[in-house]
Amino acid sequence: MILLQTLSTDTLSAADSLAMGATNTDIGLLDLLIKGGYMMVPLYLLFILAIFIFVERLITLNKASKTSTHLMDQVRVLVQSGQTEKAKILCAGEHTPVANMIAKGVERIGSPLKNIEVAIENVGKIEIYKLEKNLNLLATVSGAAPMIGFLGTVAGMIQAFIAIAQEEGMVSPKLLSEGIYEAMITTAAGLVVGIVAYLGYNFLVSKVSKLVHNMEYSSIEFIDLLQD
């Protein structure tokens, strides 16, 4: 009985010692990011670039989508009453892709209908280009970040095995494990940056698609107005 109590006490003491050791060796997120090595620098830069592009495009797209719901009704009334100048001033005050397209159409009133359609289409292409600005760069970040992370891991593993090869005698398990986990940090960081950029890219593309659909609908509505 005394032997069992002694073994139980020793076991609990050993468990407590291991728990205290694990607590003392806990590594924070900042420490992990620092231990990732020099390949973490481009990943930091790509992450900052992705966040900047996402925020800038989101603000731009939100502004572009704020076209007045009554714009076409007001333009219809002004065009039908012959007040084309007021219609152009009204569109100029909106500062949105839809308003810019309609303003170009109003400006060309009196020309053949085909010429008006071409003018509106050309303005639409320019506006779509402005809406999609830097989206390709964001897509590039989403693909490049994981590859840079894998490259950092490979470089880190090479360095770890070089250090192991230079060790004389028994190789310390601590040396091996530290070299491996430090190398794997870049892979995790690259995947995080890539996922964030990929999700941001798809979200922005969906917003651009909605705006383009609205632009097409408004241009068709304006052409129908002229035909009437």
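So here's what we get for this one:
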item	result
Members of segment 53-83 that are open to solvent by less than 40 Å² (accessible area, probe 1.4 Å) and not aliphatic (A, V, I, L, M)	Arg57, Thr67
Sole residue being out of contact with any helix residue (DSSP H, G or I) (no Cβ under 7 Å at 6 or more places or on another chain) and of a type outside the set (Gly, Ala, Ser), chosen from Ile180, Ile220, Ile185	Ile220
Residue check for Ile2: at pLDDT below 50, farther than 30 Å from Thr186 by Cα and of a type in the set (Val, Ile, Thr)	yes
Residues of segment 87-121 classified as open to solvent by 70 Å² or more (accessible area, probe 1.4 Å), free of Cβ contacts under 8 Å to residues at least 24 places away in the same chain and closer than 20 Å to Gln227 by Cα, total	6
Scan of segment 63-75 for residues that are without any contact (Cβ under 8 Å) to a residue 12 or more places away in the chain and not in a loop (DSSP other than H, G, I, E, B), ordered by number	Asp73
Meets criteria (under 30 Å from Glu221 (Cβ atoms) and at pLDDT below 90) for Asp26	no
Residue count for segment 76-105, restricted to those that are part of a helix (DSSP H, G or I) and over 37 Å from the mean Cα position of the chain (by Cα)	9
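The values are calculated or read from the model by the stated rules, or taken from the named source; none is laboratory data. Small disclaimer: the values here were computed from a predicted structure and weren't measured. Ideal geometry is used to build each Cβ from the backbone, glycine not excepted, and the neighbour counts take in all protein chains shown. Protein only, heavy atoms only, side chains kept; ligands, DNA and RNA dropped before computing areas. Shrake-Rupley method; radii C 1.70, N 1.55, O 1.52, S 1.80 Å.
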